[in-house]
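Heads up: the structure comes next, in C-alpha cells.
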Amino acid sequence: MRFKPVPEPPADLDAVETVRRTLPAAAGDADDCCQLLVDETPLETRDKAATWLTFLRALELATEEPAGFRRRDPGSSAETDSDTPSALEPDRLRRAFRKRVDGADAVLSVLERTDGSLTAAEVVAAIRKARRQSDKGGRRSNATEGNRRERIERLLEWAVLFEAAERDGEGSYRFAPSRG
C-alpha cells in the first residue's frame, strides 16, 4: 500500500520523533489523535495533524487500529527488526519512505539515474516525461503543475532528511548512493 499525503518536512528528525512519541502507546488511549497532535506538538491544524498521521503510517512509525491510532515502537511488529535501536533509524526510514510513500521511488529513481545534481524543476520534468512515456495517453493526473512541484520538493526534502539524497548549496539534489 502506498500513501499519498506528504507533510511539510521539519528541520530534523527530532521533530518527527516528537510527533511519533505524542501518539498513544495503545490504540484507544486518545479520543482524538488529531486534536492530541495539535495540542501537544507544533502542528497547528487538524488537517496538518491528519497528514502527519498518514505519513507516519507510511513510514511504519504509527498504525491505525479499530480503536484508533497508536505509535509503533522498534520491535513492535514482524515488519520491524527487534534489534533496531531506534524507530528513527535512517535505513529503516529510507526503505519505508521509498516503498510506501507515493512518488518517493520515482523521485529517488530520477536522482539515481543522474550523474550530477538536479533542481526540483528538473526532477518534475523528468518524472512528467517518464509518465508520458509509460501512460501513452492513458490516466491523466488532476494535480496542477504547481501542486506537483510542491509535492516533489517536499519528497526531495524528506529524502534529504532520511539521507537518501543530498542537497547542494545551489538548491539542487543528488542521490546519496551509499544510503538510498
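Identify which of Val101, Val19, Val38 has the largest mean-square fluctuation in a Gaussian network model of the chain, with springs joining Cα atoms closer than 10 Å.
Judging by the Gaussian network model, the answer is Val38.
Sum -39500 (n - 2.57) across every DSSP H segment of at least 4 residues in the chain, then divide by the residue count to get the 222 nm mean residue ellipticity, nearest 500.
It comes out at -14500 deg cm²/dmol, rounded to the nearest 500.
When the dipole is taken about the Cα centre of the range 1-63, and only Lys, Arg (+1) and Asp, Glu (-1) are charged at their Cβ, what size is it in debye, to the nearest 20?
360
For the chain, take N as its residue count and report Rg(C-alpha) divided by 2.2 N^0.38 Å.
1.08
Under a plain spin-label model, where a point goes 7 Å from the Cα along Cα-to-Cβ, how far apart in nm are Thr18 and Asp91?
About 2.9 nm separates the two model spin labels.
Under a Cβ-only charge scheme (Lys and Arg +1, Asp and Glu -1), can you give me the dipole magnitude of the chain about the Cα centre, in debye to the nearest 20?
1200
Considering only the other residues whose Cβ falls under 11 Å of the Cβ of Trp52, what net charge follows from Lys and Arg at +1 and Asp and Glu at -1?
So the environment of Trp52 carries a net charge of +2.
Can you tell which of Leu161, Gly103, Leu43 lies farthest toward the positive end of the dipole of the chain, using +1 and -1 charges on the Cβ of basic and acidic side chains (Lys, Arg; Asp, Glu)?
Positive-most Cα among the choices belongs to Gly103.
Within the set of other residues whose C-beta is less than 14 Å from the C-beta of Val6, count the net charge using Lys and Arg as +1 and Asp and Glu as -1.
Counting the neighbours of Val6, the net charge comes to +3.
Any idea what angle helix 120-135 forms with the longest principal axis of the chain, computed on alpha-carbon atoms, 0 to 90 degrees, nearest 10?
80
Specify whether the C-alpha gyration tensor of the range 1-74 places it in the rounded, prolate or oblate class, a ≥ b ≥ c being the square roots of the eigenvalues: rounded for a/c under 1.5, otherwise prolate if a/b is larger than b/c and oblate if not.
rounded
Does the range 97-175 come out rounded, prolate or oblate by the C-alpha gyration tensor, with a ≥ b ≥ c the root eigenvalues, rounded set by a/c under 1.5 and, if not, prolate when a/b is larger than b/c and oblate if not?
Prolate.
Just give me a number: lysine pairs in the chain, eight or more positions apart or cross-chain, with C-alpha atoms less than 22 Å apart.
Taking the Cα cut-off of 22 Å, the pair count is 4.
Here, each number is a calculation from the coordinates, and none is a lab measurement. Here the structure is a predicted model, which is why all the values come from computation and not from measurement. In this analysis, Cβ positions are derived from the backbone assuming ideal geometry, glycine residues included, and neighbour counts consider all displayed protein chains.
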